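The values are calculated or read from the model by the stated rules, or taken from the named source; none is laboratory data. The structure presented is a predicted model; accordingly, all values stated were derived computationally and were not measured. For neighbour counting, all protein chains shown are included, and Cβ atoms are generated from backbone atoms with ideal geometry for every residue, glycine included. The area values use the complete protein model at the heavy-atom level, side chains included, leaving out ligands, DNA and RNA. Shrake-Rupley method; radii C 1.70, N 1.55, O 1.52, S 1.80 Å.
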Amino acid sequence: MLRSIRQIALWMLAASIFLPWLVPGEALAYPDQPIKIIVTFPPGGSADIVIRALQPLLAEDLHQTIVIENRSGAGGNIGIGAVAQAAADGYTIGVAAAGVLTVNPHLNRAAMTFDPLKDLAPITMLAEIPFVLVASPQANVSSVTELIAAAKSRPGELSMGHGGNGTAMHLTSALFTQKADVKIQLISYRGTAPAAVDVLAGHIPLAVLDIPASQQLIRDGKLKALGVSAAKRVTFLPDVPPLAELGLRDFESVGWFGLVAPAGTSPDIIARLNAAFQKALSDPVAAEKIRVLGAEPAPSSPEKFAQFIRSESVKWGKLIADAGIKGE
């Protein structure tokens with residue numbers, strides 16, 4: 001009996017010494033298998049190119065294989081839906097754009113199998129993509145002041161193209177009409193390229209375009225850049241002022257995408273992934289590859305990214321309701 005008590009006491013003593021070391025050891029083992037990153041865009045898209053530029057840096061830092069899986073469709077709902085339903089172990093994460101996290105819930109909530117604010121754990125912002133408001137050479141406007149004056153003198157006669165219903169460019173266009181208090185027809189195109197073609201040809205007087213589709217046309221004097229949608233001047237068009245400096249107070253609207261994991265993922269794993277992505281995004285070569293796309297690296301803490309998602313959801317939800325924007 002006494003011997004049994006001693007054995008139990010020795011076992012408890014050993015447990016008290018060694019067990020506390022086992023849990024940290026297990027946590028430090030992450031990652032011990034390949035990490036899959038679901039990209040909600042097809043190969044060759046901006047988000048896909050960004051992740052592939054970071055892939056070797058992440059593999060080196062995390063000492064693990066990084067597998068990229070392109071799963072596009074339904075405005076990102078399919079790919080991020082798969083992330084939301086995955087095990088919360090850090091081995092399936094996803095690249096989510098502004099649309100799926102902050103716009104889709106207000107346009108077509110019934111089509112979503114997850115709640116972006118409840119079913120996902122933000123890791124970091126990856127990049128921001130500013131837009132530019134341009135005017136056709138045939139349009140008789142050369143500044144935002146002239147544009148607003150023309151729109152107020154001819155309500156509903158001017159038109160502005162954008163890259164598609166519910167896209168960040170669409171919302172940027174709607175935000176402009178709201179901030180400027182003007183009535184302008186918003187014309188939806190299937191992507192920014194056809195919108196650029198039509199504004200260049202003079203079929204529409206105005207358009208909100210992404211910078212890669214418009215930068216050279218602006219430099220060649222074929223399109224007039226009236227203002228950028230970011231809060232401050234952008235590297236790609238340093239001579240073009242932000243709309244916020246042109247009488248549209250607090251105007252800010254950019255495309256962006258970031259990294260998310262399933263809700264319930266360990267904070268330690270989130271922190272490890274955040275550190276790896278922050279380091280990769282700060283690499284000069286990778287950063288330059290991202291800037292070539294017209295995007296700007298924008299790493300953040302998980303907390304700041306979560307706060308940003310919530311604020312963007314409120315902002316765009318209100319605009320969608322006020323403007324009567326409907327999902328397709």
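What to note about this one:
- Distance histogram for the stretch 238-311 (every C-alpha pair counted, 10 angstrom bins, percent rounded to whole numbers): 15, 38, 32, 13, 2
- For the stretch 83-158, the percent of C-alpha pairs falling in each 10 Å distance bin, counted from 0 to the bin holding the largest distance, reads 14, 29, 18, 19, 15, 4.
- Above-threshold pairs, the threshold being 32 Å between Cα atoms, out of 183/224; 289/315; 183/289; 36/224; 279/326: 183/289; 36/224; 279/326
- Among 252, 312, the sequence by solvent-accessible area, most first, with a 1.4 Å probe is 252, 312.
- Coupling constants for the stretch 243-257 follow from the phi torsions by the Karplus curve (6.51 cos²θ - 1.76 cosθ + 1.60, θ = phi - 60°), and in residue order they are 4, 5, 8, 10, x, 9, 4, 6, 5, 7, 7, 9, x, 7, 8 Hz; glycine and proline get x.
- In nm, spacing of pseudo-spin labels at residue 239 and residue 63 (7 Å Cα→C-beta vector): 5.2 nm
- Restraint check, 152/222; 179/318; 179/232, Cα-Cα greater than 22 Å: 152/222
- Per-residue ellipticity at 222 nm from helix content only, as computed over the chain with -39500 (n - 2.57) for each DSSP H run of at least four residues, stands at -14000 deg cm²/dmol.
- The ratio of the alpha-carbon radius of gyration of the stretch 196-328 to the globular-protein estimate 2.2 N^0.38 Å is 1.27.
- Distant alpha-carbon pairs in the stretch 51-182 (separation over 25 angstrom), percent: 45 percent
- Per the Cα gyration tensor, the chain maps to an equivalent ellipsoid with semi-axes of 47, 20, 16 Å, ordered largest to smallest.
- Residue 316 contributes about 10 Å² of solvent-accessible surface, heavy atoms of the protein only, 1.4 Å probe.
- For residue 68, distant residues with modelled amide H under 5 Å away: 37
- Once the Cα-Cα distance is subtracted from the 0.36 nm per residue extended length, the residue 250 to residue 268 segment shows a gain of 2.9 nm.
- Percent of beta bridges antiparallel (DSSP, the chain, rounded to nearest 5): 60 percent
- Model label points for residue 115 and residue 146, set 7 angstrom from Cα along the Cα-to-Cβ axis, are 5.0 nm apart.
- Debye-formula intensities of the stretch 212-259, expressed as log10 I(q)/I(0) at q = 0.19 Å⁻¹, are -0.65 (one equal scatterer per alpha-carbon, no solvent).
- Put simply, the amide H of residue 120, placed in the peptide plane, has neighbours under 5 Å in 263, leaving out anything fewer than 5 places away on its chain.
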